[in-house]
1. List pairs: first residue in the range 145-162 and under 20 Å from ASP133 (Cα atoms), second residue in a loop (DSSP other than H, G, I, E, B) and at pLDDT below 95 anywhere in the structure, Cβ distance under 9 angstrom, at least six positions apart or on different chains.
2. Please go through the range 62-84 and give me each residue that is surrounded by fewer than 17 Cβ atoms within 10 Å (Cβ to Cβ), in a helix (DSSP H, G or I) and either in contact (Cβ under 8 Å) with a residue 12 or more places away in the chain or of a type outside the set (A, V, I, L, M) (or both), ordered by number.
3. Consider only pairs whose beta carbons are under 7 Å apart and that are at least six residues apart or on different chains; among these, list those whose first residue lies in the range 95-110 and is in contact (Cβ under 8 Å) with a residue 12 or more places away in the chain and among the acidic types (Asp, Glu) and whose second residue is surrounded by fewer than 21 Cβ atoms within 10 Å (Cβ to Cβ) and not in a strand (DSSP E or B).
4. Give the range 125-169 a look and list any residue that's loosely packed, with under 13 Cβ neighbours inside 10 Å and under 16 Å from the mean Cα position of the chain (by Cα), or say none.
5. Quick one: in the range 17-37, of everything that is outside any loop (DSSP other than H, G, I, E, B) and buried (at least 16 other Cβ atoms within 10 Å of the Cβ), which residue is farthest from the chain's Cα centre (by Cα)?
6. Just to be sure, is LEU129 assigned to a helix (DSSP H, G or I), among the hydrophobic types (A, V, I, L, M, F, W, C) and at pLDDT below 90?
7. Do we have PHE114 as within 24 Å of LYS56 (Cα to Cα), in contact (Cβ under 8 Å) with a residue 24 or more places away in the chain, touching a helix residue (DSSP H, G or I) at 6+ places or on another chain (Cβ under 8 Å) and aromatic (Phe, Trp, Tyr) here?
8. Take the residues in the range 103-124 that are among the hydrophobic types (A, V, I, L, M, F, W, C) and more than 17 Å from SER88 (Cα to Cα), then tell me which one is surrounded by the most Cβ atoms within 10 Å (Cβ to Cβ).
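The values are calculated or read from the model by the stated rules, or taken from the named source; none is laboratory data. Since the model is a prediction, treat every value here as computed from it, not as a measurement. Here the Cβ is made from the backbone with ideal geometry for all residues, glycine too, and neighbour counts use every protein chain on show.
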Amino acid sequence: MKKFIAIDNYNIDDLLDKLGYLNLYDLKYYIIYRYLPLVGNLSVLENIALPTSYFKRIGIKEIIHSVERELKLFGIEDKIHYRRDQLSEFEILVVKYLSAKIFGVKEIVFIRPFDHSGVGMSNKLIDFLKNCDENYTILDYNETYDDYKQIDGIRAMEMDEWLTQDLKG
């Protein structure tokens, strides 16, 4: 399911605290936000592989194979050993998304994903989100909802409903 939740009346730092508290032990969801960075001195592969191998106990060869396959789908397989500062903002978003996907969380939470898209990249971001087959929720300002309406099956939801039903359930 794809959901949009307006965050106009919420402080993002407070939301991050609440989401972190709710996710502390279960690791049901993964937050993708521009200001939650990749580890700068690790490569794309390492940023994806380390948490997955540690928390999920998946073998490194299986993870490497998954990372290579997924990067190829996005046409950035040549960047598997790049560091954060060698990637565009959009590529960083893709790496964070792949980290969540390969980790295997129940839901991916994008906070203000347009911050990752850069000037003139909003169509690329919408196309990317259209092709994400995982369950995800977009937290963004109400004024951006028209952009997200292009995504098939996306529905608007209230923050309180999402926090109490979807995340705690």
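1. Final answer for the pair search is ILE151/CYS132; GLY153/MET1; ILE154/MET1; ARG155/MET1.
2. GLU62, ILE64, HIS65, GLU68, ARG69, LYS72, GLU77, ASP78
3. Taking only residues 6 or more apart or on different chains, the pairs are GLU107/LYS28; GLU107/ASN135.
4. Matches in the range 125-169: ASP127, ASN131, ASP133.
5. It comes out as LEU19.
6. Here the answer is no, as LEU129 does not meet what is asked.
7. Taking the combined requirement at face value, the residue does not satisfy it.
8. The qualifying residue surrounded by the most Cβ atoms within 10 Å (Cβ to Cβ) is PHE110.
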